[in-house]
Amino acid sequence: MTEPERIRVLLVDDHGVVRRGLRGYLELLDDIEVVGEAENGLRGVELAEELEPDVVLMDLVMPELDGIGAIARIKASRPAIQVVALTSFIEEEKVTAALEAGASGFILKDAEADDVAAAIRAAHARGLRSRSTVAAVEPLTERELEVLGLVGRGRSNKEIATDLGITERTARTHVSNILGKLGLASRTQAALYAVERKLVPRTG
């Protein structure tokens with residue numbers, strides 16, 4: 001029986017410890033293969049063009065060329081490559097800039113290892129279906145969209161309940177339903193999903 005092809009991943013981060021940690025985890029997985037590493041955005045662009053990985057994990061703050069600039073160059077020359085941005089914390093301005101440059105998703109550097117793998121798989125799947133399938137509208141109710149937006153702002157279930165005038169138990173149920181409907185594994189993924197799709201309500 002022929003083994004399925006593994007997802008080929010390029011790691012781009014200026015911290016060697018981060019790269020080694022990611023490589024060490026990803027190499028334990030049967031469906032993912034790390035094909036290269038780069039210590040700055042410029043080298044990341046060069047390796048992406050040379051190796052043509054399926055997915056690039058891209059740090060946003062680096063010397064030589066930052067992640068946003070590197071994403072734009074990669075998508076301009078190799079549009080089929082999916083890029084997942086690595087960030088230490090969710091900053092709306094950087095998130096928006098990276099998405100506009102062509103990133104297909106985000107993952108926090110302190111996310112659980114399984115979340116990193118899930119982000120890679122999701123980005124790869126998005127790339128496979130992008131040419132043939134129009135993304136369906138997620139089946140969320142108006143209230144669930146409100147809750148998702150507040151999750152994107154980092155609000156706890158108790159804070160969401162206070163903001164929306166509902167019980168904490170109801171807020172928890174909404175969050176659980178959102179994760180199930182969207183096929184997300186964690187609250188962190190839901191927060192990133194909300195930010196990527198600009199569902200986070202502005203403060204003020």
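The values are calculated or read from the model by the stated rules, or taken from the named source; none is laboratory data. Because the structure is a prediction, the values reported are computed rather than measured. Heads up, the Cβs are rebuilt from the backbone with ideal geometry, glycines too, and the neighbour counts pull from every protein chain shown.
Structure data summary
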read-out: Residue match in the stretch 30-48 (condition: in the same structural domain as Ala80 (by TED's automatic domain parsing) and polar (S, T, N, Q)); value: yes
read-out: Some residue of the stretch 108-126 being at pLDDT 80 or above, exposed (fewer than 14 other Cβ atoms within 10 Å of the Cβ), within 17 Å of Tyr193 (Cβ to Cβ) and among the small types (Gly, Ala, Ser); value: yes
read-out: Selection from the stretch 165-203 of residues that are small (Gly, Ala, Ser) and in a helix (DSSP H, G or I); value: Ala171, Ser176, Gly180, Ala190, Ala191, Ala194
read-out: Matching option when the condition is in contact with a Lys or Arg (Cβ under 8 Å, 6 or more places away or on another chain), within 19 Å of Ala125 (Cα to Cα) and not small (Gly, Ala, Ser), among Val45, Val83; value: Val83
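Yes or no, residue by residue, for (1) of a type outside the set (Ser, Thr, Tyr); (2) modelled with pLDDT under 80; (3) within 21 Å of the chain's Cα centre (by Cα):
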{"position": "Arg155", "(1), (2), (3)": "yes, no, yes"}
{"position": "Val175", "(1), (2), (3)": "yes, no, yes"}
{"position": "Ile178", "(1), (2), (3)": "yes, no, yes"}
{"position": "Ala185", "(1), (2), (3)": "yes, yes, yes"}
{"position": "Val195", "(1), (2), (3)": "yes, no, yes"}
{"position": "Leu199", "(1), (2), (3)": "yes, no, yes"}
{"position": "Thr203", "(1), (2), (3)": "no, yes, no"}
